Every structure is written in structure tokens, then in C-alpha cells.
1. Looking at the stretch 51-112, which chymotrypsin sites (Phe, Trp or Tyr not before Pro) are DSSP coil and have at most 16 other C-beta atoms within 10 Å of their C-beta?
2. For the chain, what is the calculated [θ] at 222 nm in deg cm²/dmol (nearest 500), taking -39500 (n - 2.57) for each run of four or more DSSP H residues and dividing by its residue count?
3. Can you give the angle from 0 to 90° between the axis of helix 237-249 and the longest principal axis of the chain, with both taken from C-alpha atoms, to the nearest 10?
4. Val113 to Asn189: FRET efficiency via 1/(1 + (r/R0)^6), r the Cβ-Cβ distance, R0 25 Å, to the nearest 0.05?
5. Can you give the relative contact order of the chain as a percent, counting alpha carbon pairs under 8 Å and 6+ residues apart?
6. On a 0 to 90° scale, report how tilted helix 178-188 is relative to the longest principal axis of the chain, with both axes built from alpha carbons and the result rounded to the nearest 10.
7. Using unit Cβ charges (K, R positive; D, E negative) and no other charged atoms, how large, in debye to the nearest 20, is the dipole of the chain about its Cα centre?
8. Any idea how far apart Leu72 and Ser144 come out in nm if each label point goes 7 Å out from Cα toward Cβ?
Amino acid sequence: MSGAWQFYVATLVIYGFVYIIAASGLNLQFGVTGVYNFAFIIFQAAGAYCTAVLTLGPSSANGGFQHYILGLHLPFPLPLLVSALVAGVLGVGLGALTVRRLRADYLAIVMLVISLIATGVVTDYQGLFNGAAGLALIPQPFVSVTTSLVVYDWLYAAYAGVVCLLVLVAVRVLIESPLGRSLRAVRENENAAAALGKNVTALRLLVFGVGGAIAGISGSVLVAFAQAWSPSSWLYAETFVLFTALIVGGVGSNLGPVIGAVIVPVVLAEGSRYLPQFGPPTLVPSLEWITIGVVLLVFLWFWPRGILPERKHTFLPASPARPLTPQPTRGLVGKNLDGEGGPGR
């Protein structure tokens, strides 16, 4: 395989890992807890911008052609950890402003508006993250290890794969834990969950924070490889790509985000680039979004549970030969609760 093809394949692998990480965070919010976070992409952007300003150093170091806040030069992996923390805190903050009073459709609309406001503020305010031009020349973490671009790409792909694996394991442990069952209870019927003593607001804030941190990790991994980030990279439509990936793979399942992230952002989005040119010059690039939209509608209509549906958690009924009956227990005076003397069973 030539160097150009290796670079292309390694780039697809890295992007695939990034989308899997992001889809896992959104699945925790939407698939498991039922939170409609249409501003999910801004948490990925927060992680990307945070990593950028923590590694670029002072703006004057690159000739002063771009302007941004902070301008630190922290060693790896501190930018990744700080980015996850910042995105998680941002998630809790936005969640505290919204989930206490808003539910379902209203929450989705407000989060979409927040996403649009965030894009507008970052684009118009030049001194925050260099406005519409965005940030460039972001340092790569392993550039001193090798001088070969192909070797570096595969090294970074291995790094992204390790981060992705850790995120998947952490999310799976969380979903399969008693806390995960509480989150599913909030999704199914929050009134019933509250009646059972669950703090619904606290659980929603938790998934806002954890999901936001995971999104921040995906943004940090992506920007350190791409070395650039601008408002055009995190438009609100990118959130719907992740929602489509969840619906295609299977909402709420453990492997659904993995399958969906590979099929939608990687296979479908990249596959449209190989179509022969026909019609107006902008037609073929637009087919990427058209294809994703058509796939979303087809799955919503015919396979709403996705390729790998969520496994339903049920309790086995009692056997007819051994019905569920109250078992006697020891009383306070050495008698069974059924009134018979002797030691209880």
C-alpha cells in the first residue's frame, strides 16, 4: 500500500474512533437516559478549543496572526484531561439551566438554540478563538517520536484507539451498573422513577456532565490530529449526524454507537466523495447530507430500533412447579412468622 493510501486509511480510522467516542457520549444521554441534547456538538467543540489554547502557547509565538485566550503550552496528556473536565463542567452548567424546568421537546429546542448562539458568539468575537478563521498550527502530541508521516498517523491511530476503548469500557460499566438501571428508569418514566426515590434532576445533570466530558475527549483527540478547528467544524448539523449514527446502530445498546459511527460518518460520508462529478459543481458534495438524511428517514420508518437493538432487561417469571410464596423467617421469640414453633428457616 502506498504512503498516500496509508495516510488516507489511517485518517479514516482516527475519524472513526473519534466518532465512536462522541456517539458513545450521546448514547449515554439520549439512548440510555432519554435526554434530547441537540447541542451535543458544542461540548466536542469545547474540548477541541480547550486543547488548542492549552498547547498553542502565546499568540505572539506564531507571528500573531491568530488571537485567542489563555495561550498555554501544557505537556501531554494534560490538555486531554483538562478538556474533558472543562466540557463536563460546561455540560453540568448548561444542564442546570435547562433540565430543571424543561423536558423532551422543549429541552431539545432550547439546546438547539444554545448551539446556534454558541456558534454565533465564537464566530463574531475575534479575541476568543480567532473568530470565523478558527485556530491553526495546533501542536501534535507525538511529533517528536518519529519523522515519518505514515508512521505518525498509525501511531496516532493507535492512541485514538486506546482512548476509544477506555471510553467504551467506562460507558459499558456505567450502563450495566445499578446507576445505569436508574438512568433507564428515568428514560422510561421519570415520574415512576421519582416515586421510587430517584433524584431525576441529579441523574440528568450527571449524564450531562459525563456525556459532555466524553464529547470533550473526542474533540481533543480530533483537534490534536487535524491541527485546526473553526466554527465551520461544529455546526449544529453535526449533532444530527451523531443522532443518525445512534438510530442506525441501535439507540441504547452498547455496540450500537460503534456500528452507527462506522456506517454513517465514515462509510456514507466518505463514500459520497467517490461519486463521479455530474450536475452542478455543488451537487456531489451535497449528496453527503442528502444520503445521511435519506438513511435516517429509512431507519426511522422501517427499523426504528436500529441494527443492534437494545437488549431488554426482564425478570424471569416464577416456575409453575415452584410458585413465588412468602418464606417463613425467624421471629423475635423463636417462632416462625407463620405461627409454628421451632427455629425459622
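1. Working: sites: Phe65, Tyr68, Tyr106; in loops: Phe65.
Here the sparse-neighbourhood loop sites are Phe65.
2. On the way: 12 runs with 197 residues, N = 345.
After summing the helix terms and dividing by residue count, I get -19000 deg cm²/dmol.
3. Computed tilt is about 50 degrees.
4. On the way: r = 27 Å, r/R0 = 1.10.
E(calc), rounded to 0.05, equals 0.35.
5. Details: 533 pairs, mean separation 94.6, N = 345.
Dividing the mean separation by the residue count of the chain yields 27 percent.
6. Once rounded, the angle reads 80 degrees.
7. Here the size comes out at about 1160 debye.
8. 1.9 nm
The values are calculated or read from the model by the stated rules, or taken from the named source; none is laboratory data. What you are looking at is a predicted structure, and each value in this text was computed from that prediction instead of being measured. Note that each Cβ is placed from the backbone with ideal geometry, even for glycine, and that neighbours are counted across all protein chains shown. For the accessible areas, the whole protein counts, side chains as well, though only heavy atoms, and no ligand, DNA or RNA atoms are used. Shrake-Rupley method; radii C 1.70, N 1.55, O 1.52, S 1.80 Å.
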